[in-house]
Amino acid sequence: MKDAGIKVTDVSEVTGFPEMMDGRVKTLHPRVHGAILALHDNPTHVKEAEKEGIELIDIVVVNLYPFEKVIARESASLDEAIENIDIGGPALVRAAAKNYRYVTVVTDPQDYPAVLEELESGEISLKTRERLAVKAFRRVADYDCAIDRYLSLRLAGEDILRLKFVEGRALRYGENWHQSAKFYKEPDITEPSVANAIQLHGKTLSYNNYVDAESALNVALEFKDGIAVSVVKHSNPCGLATGRTLTEALVRAWDGDPVSSFGSIICMTRKPELPTLEFLKGRFVELVIAPGYGEDALLFLKNKSKDLRVLELPMDDGAQLENTYHYIVGGMLVQSRNRGLYEKWDTVTEQPFPEEKRGLAEFAMTACKHTKSNAVVIAREYEKGFYQILSIGAGQPNRVDAIRKLAATKAVENLKLLYAREKPGMDEEEYIRSVLGECVLASDAFFPFDDSIVYSAENHIRYIVSPGGSIRDKEVIATANRLGVSLVFTGMRHFLH
């Protein structure tokens, strides 16, 4: 400040005591803290301040030592970190924040313009002082948390997890009517997130809306560089498709499970126009997410239902969070995000896996990755380079039931509906057999027995992708060879609980 030509008074002149110990002892003095903590309308406080020659302080501006930035450097030593633990700064901040009725405390340079503007008008409002006081206490709390985490690990060998969520608001209810619920937002999130979406229309989001909307968004983001639509019900992608146009992708995604799509959540990777959304006439959906909406498209959605939730969310890249958190009663589970699809691509059977089917296999694996375990997904290439889910088997206690009782059965049901619409010039059974014969079945984990291969083959599935890794892999491979099935091992499991 001196270098900038600003007239300043050294702390030592105020306290009458020199700075010492390399500046460690400087502001912790009654002449400083008394000037901050005195109640301006308390006669006793004012009289005592006058007696001791204490001039009251109206504004406290503090930038704490950059402890967080220092420990973020891999080369930072313990001694360097400790020297960057601010003592006097947090004390000044807490004192000023405590006395916010009379003192303005500023801890963030981004607040300088607003404070200066009010100063120039003559007075800093109580509302501003209240806001800055809350921000100050939060800054000190975050600062102390960072110190706690670092020193706990370095000095005590204890890994401490501290999380911060803000803007808590009550929801109508939780997963069920009798459960209360709130939503808290994690600050400073830049990656696409339902928490950052702008609601343009409809009822307030419910607990289940948040959970399902995140599922729909996560699977759609896997295809954000292209045109894709995800349809989610109870956290599972009952429909997913890519397309040349958004309309085509929406229709094909809905075809994945027209029954389950009732009351679903839809996420689109592109801005829909009116002709695309007209497909939803007479179809009930809970929520729609897209990067934006044409004027006519938004009006259509608003007129479709007063309750339909419409969210706008740009899907550009942002700094992605590294971990996910899952609370259980009495504890917190933390894990890194599930990135990638496979670690290897090994065709382990005599029957080769055509390279031209790898795109379809990757699509099926992506859908399977976002489906509750035990999970299998059957996907088809309905046109060259464009894919859709044909059926899923989700959330089953065993994998064979996911195939035999769900995915295979559902695939046949859906193909019967498609046959009635497409009428390809062959009888229905031949059509179903021919389509299933070109599909890919993806499994989120290995096959513990060969029965999954048997039931897949019985339903005309010839191409299967699985992580592998079972103690019975040889038996599974032998059965696949016997039945003429092509099997790829990827080495990467995708459980989702």
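The table that follows gives values for the structure above.
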| read-out | value |
| --- | --- |
| Check on residue 100, among the aromatic types (Phe, Trp, Tyr) and in contact with a Lys or Arg (Cβ under 7 Å, 6 or more places away or on another chain) | yes |
| Strands (runs of 3 or more DSSP E) contained entirely in the stretch 307-358, each with at least 3 residues that are modelled with pLDDT under 95 | 323-328, 331-336 |
| Of all residues making up the stretch 234-246, the number that are in contact with an Asp or Glu (Cβ under 7 Å, 6 or more places away or on another chain) and part of a strand (DSSP E or B) | 2 |
| Condition check for residue 33: outside any loop (DSSP other than H, G, I, E, B) and either of a type in the set (A, V, I, L, M) or more than 39 Å from the chain's Cα centre (by Cα) (or both) | yes |
| Residue list for the stretch 429-469, filter: of a type in the set (S, T, N, Q) and farther than 20 Å from residue 372 by Cα | 434, 459 |
| Filtered residue count, the stretch 468-484, keeping only those that are touching a residue at least 40 places away in the same chain (Cβ under 8 Å) and either out of contact with any strand residue (DSSP E or B) (no Cβ under 7 Å at 6 or more places or on another chain) or surrounded by fewer than 23 Cβ atoms within 10 Å (Cβ to Cβ) (or both) | 5 |
| Identity of the residue in the stretch 30-87, within 30 Å of residue 156 (Cβ to Cβ) and of a type in the set (Ser, Thr, Tyr), that ends up surrounded by the fewest Cβ atoms within 10 Å (Cβ to Cβ) | 75 |
| Where residue 210 falls short, out of the listed (1) over 15 Å from residue 285 (Cα atoms); (2) surrounded by fewer than 21 Cβ atoms within 10 Å (Cβ to Cβ); (3) hydroxyl-bearing (Ser, Thr, Tyr) | (1) |
| Residue count, the stretch 282-320 (criterion: in contact with a helix residue (DSSP H, G or I) (Cβ under 8 Å, 6 or more places away or on another chain), surrounded by fewer than 18 Cβ atoms within 10 Å (Cβ to Cβ) and farther than 20 Å from residue 208 by Cβ) | 2 |
| Subset of the stretch 103-136 (residues that are under 27 Å from the mean Cα position of the chain (by Cα) and either outside any helix (DSSP H, G or I) or not basic (Lys, Arg) (or both)) | 108, 110, 134 |
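The values are calculated or read from the model by the stated rules, or taken from the named source; none is laboratory data. What you see is a predicted model; the values in this text were computed from it and never measured. Virtual Cβ from ideal backbone geometry, glycine too; neighbours counted across all protein chains shown.
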